[in-house]
Amino acid sequence: MKHRIAVIGGDGIGPEVTSEAVKVARAAGANLETQEFDLGAAHYERTGEVLDDATLTQLMGFDAILLGAIGPAIGSTAVPSGILERGLLLKLRFALDLYINQRPFLTLDPSVTTTHKPVDMIVIRENTEGAYVGEGGLLRKGTPFEVATQGSVNTRNGVERAIRYAFEIARSRERKLLTLVHKTNVLTFSGDLWYRTFVEVSSEYRDVTTSYNHVDAACIYLVEAPERYDVIVTDNLFGDILTDLAAAVSQGIGYAASANINPERTGPSLFEPVHGAAHDRVGTGEANPYAAIRSAAMMLDFLGETEVAKRIEDALGVLPPEGARTSEIGDFYGERVIR
Ligand code: IPM
Ligand code: MN
């Protein structure tokens with residue numbers, strides 16, 4: 001079956017890694033009709049636009065979106081922090097209701113993990129709520145009396161659908177372990193909602209073994225004993241932080257793939273490597289396309305091309321570990337020279 005894919009290569013190494021991913025997908029047997037969209041820091045600097053409504057509407061007509069990386073070079077001041085993140089990536093996640101951010105970490109070769117133990121876990125990050133909704137404000141800016149609030153919005157529906165999805169994923173895996181990660185001892189309102197919903201939904205999944213960890217403890221476990229985890233479900237911000245940590249302990253951010261999905265398929269889902277634009281690697285042939293290729297495999301699997309996806313996953317699984325632990329971070333992560 002033919003699939004129409006919107007490719008947003010973006011900035012830095014983004015276009016290189018997405019083009020390798022499309023090549024691999026085709027070589028594995030996928031029938032893709034691709035259309036490139038020029039979006040990101042360079043596009044913004046040229047046009048002053050991040051993602052206009054007409055382009056968003058156009059993107060909604062595709063079967064899936066494959067995104068490389070977005071962000072200006074480290075040290076560049078041309079794009080204020082948050083403009084691209086809110087205006088492009090988060091806008092797509094919210095507008096397309098991509099409420100699941102699925103991030104698998106699979107590194108069976110213990111010689112490349114920081115723990116020298118295999119890592120095989122999936123983090124299900126709620127992707128449309130929490131601290132990412134932009135609730136709050138900055139009062140009396142520039143005065144000695146400034147007050148900044150930044151709320152976290154958690155709805156029963158939003159929390160429950162993420163938790164249900166995580167239970168389904170846990171049920172499909174061999175170990176069938178699901179851990180809720182939160183901070184219920186301090187975030188007593190959102191923690192209560194997450195915890196109660198988790199316990200309630202768990203009654204429908206008796207075959208899944210459940211546990212709970214505070215997020216600070218989860219950081220220790222991820223570093224010292226990642227084998228404790230099979231599937232983790234957590235909120236948007238904890239999920240953002242934990243997945244960078246999980247990437248670092250498994251094989252490095254250069255290997256971390258992700259799927260931003262709407263399980264009800266109300267529109268296209270978006271697949272992207274977790275890493276950034278790594279401008280310093282552009283054209284060097286050193287950009288690691290692994291995460292983009294794995295993201296494309298997740299895309300194909302989601303589109304029903306399970307055999308093609310498996311072929312890619314199998315090939316990635318036998319890649320030699322040399323070149324391991326690459327780190328394509330780039331300014332996507334807000335690294336800035338302050339002084
Ligand atoms: C990620 C990124 C994004 C996030 C940024 C760029 C908005 O860090 O996909 O993990 O925080 O979700
Ligand atoms: Mn992140």
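A few notes on this one:
- Rg of the Cα atoms in the chain, relative to 2.2 N^0.38 Å, amounts to 0.97.
- Helix-only mean residue ellipticity at 222 nm for the chain, each DSSP H run of n ≥ 4 adding -39500 (n - 2.57), per residue, nearest 500: -10500 deg cm²/dmol
- Share of alpha-carbon pairs per 5 Å distance bin for region 72-201, given as whole %: 2, 8, 13, 16, 15, 16, 13, 10, 4, 2, 1, 0
- Legend: Rg and Dmax of region 193-320, from Cα coordinates, 16.9, 53 Å.
- Among Ile169, Thr55, Leu66 the positive-end extreme of the charge dipole of the chain (Cβ point charges): Ile169
- Pairwise label distance in nanometres, Asp314 with Ala78, each label 7 Å out on the Cα-Cβ vector: 4.5
- Per-pair calculated FRET efficiency, R0 = 56 Å: Leu139 and Glu174 via Cβ, rounded to 0.05: 0.60
- Using a Gaussian network model of the chain in which every pair of alpha carbons under 10 angstrom is joined by a spring, one finds that among Pro144, Pro263, Pro226 the greatest mean-square fluctuation is at Pro144.
- Extents of region 96-155, taken as max minus min of Cα coordinates on every principal axis and listed largest first, are 54, 31, 17 Å.
- Given +1 at the Cβ of Lys and Arg, -1 at the Cβ of Asp and Glu and no other charges, the dipole of the chain around its Cα centre is 440 debye to the nearest 20.
- Centroid-to-centroid separation of region 6-29 and region 173-205 [C-alpha atoms, Å]: 36
Any read-out appearing in this document is the output of simple, stated calculations on the displayed coordinates, not a laboratory observation. This structure is a prediction, so every number in the text was calculated from the model and none was measured. Virtual Cβ from ideal backbone geometry, glycine too; neighbours counted across all protein chains shown.
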